[in-house]
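The values are calculated or read from the model by the stated rules, or taken from the named source; none is laboratory data. This is a predicted model, so every value here is computed, not measured. Every residue, glycine as well, gets a Cβ built from its backbone with ideal geometry; the counts of neighbours run over all protein chains shown.
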Ligand code: SF4
């Protein structure tokens, strides 16, 4: 009869051999996974993990895997009062803004090049320069920036929100590439900022053209945080959940995913019959969270790991998120 550790390691190996994990590596993670899942149950906690997290987190301990918007909604729907939010800091903040009564614990307060590119003061200055333009902020921003904005958006609802607003001129922050990609699809004038995702800005149109020459039948999907020249070359520009939905329904066998490697891990694990071609890049912020951090955060969370927001900032930021949710549902 296999031990609990052997069972867990074998389960991981079955899922992760597509990711070239060895049984030894699975055994090392299995011990921590068992301990985390035991503590999680005892504490009636829920673990939410972004799709760019490490596979052992997504498939070993997470109760829900998703994009920033999906995770925030999952945080709202869960009955658990304690949420262990495995992702970068701004996303854990967003979950806390939407769930002020719940305890949100962020094992590692890692940054994000987009969220760090703009401050609340920068938004105030933009508003002075363009007093008649509403501010639409991408969800990859701090609580303070959300609080200064009129409405929030994600990569999947940005176009709908821009077109829903009656204004001809809109301040769209902070992603320069996403704004340019949106500008190509709207008659509104977008005033933007110079923020960039350090992962998605690394892809080039040349990489895509080379792959297309080698695999003419390939389907190429890119995140809207990529440059316009990259977006011009692909079959679909969509967020992480949009990519997974497309792959699940597509009859194609080969895909190139122009995004962070976590999505490649998800496809290889969830759709092992599909073939992923080409390269991906790791987000150094997302990959900071480990099973060890999660275990520590469950055992004895530090003050820094427990998300605590100024109530006024939180309330204003929630208003911009609530507006986004309301318009998205229309
Ligand atoms: S992938 Fe880009 S946008 Fe996402 S957390 Fe990393 S740096 Fe930020």
Hey, among the residues in the stretch 220-245 that are touching a strand residue (DSSP E or B) at 6+ places or on another chain (Cβ under 9 Å) and in a helix (DSSP H, G or I), which one's nearest to the ligand (Cβ to nearest atom)? 240
Which condition from (1) more than 19 Å from residue 48 (Cβ to Cβ); (2) away from the ligand (no atom under 16 Å from the Cβ) is the one that residue 291 breaks? (1)
From the list 217, 248, pick out the single residue that is assigned to a loop (DSSP other than H, G, I, E, B), more than 14 Å from the ligand (Cβ to nearest atom) and farther than 26 Å from residue 112 by Cα. 217
Filter the stretch 251-270 down to the residues that are assigned to a loop (DSSP other than H, G, I, E, B) and touching a helix residue (DSSP H, G or I) at 6+ places or on another chain (Cβ under 6 Å) and list them by number. none
Kindly indicate whether residue 326 is within 15 Å of the ligand (Cβ to nearest atom) and either at pLDDT 95 or above or surrounded by fewer than 15 Cβ atoms within 10 Å (Cβ to Cβ) (or both). no
Pick out the one residue from 213, 274, 180, 188 that is within 24 Å of residue 16 (Cβ to Cβ) and surrounded by fewer than 20 Cβ atoms within 10 Å (Cβ to Cβ). 274
Hits in the stretch 68-96 (condition: surrounded by fewer than 24 Cβ atoms within 10 Å (Cβ to Cβ) and either part of a loop (DSSP other than H, G, I, E, B) or more than 16 Å from the ligand (Cβ to nearest atom) (or both)): 73, 74, 76, 77, 78, 79, 80, 81, 82
The stretch 109-125, residues that are crowded, with 21+ Cβ neighbours inside 10 Å and away from the ligand (no atom under 12 Å from the Cβ): 118, 123
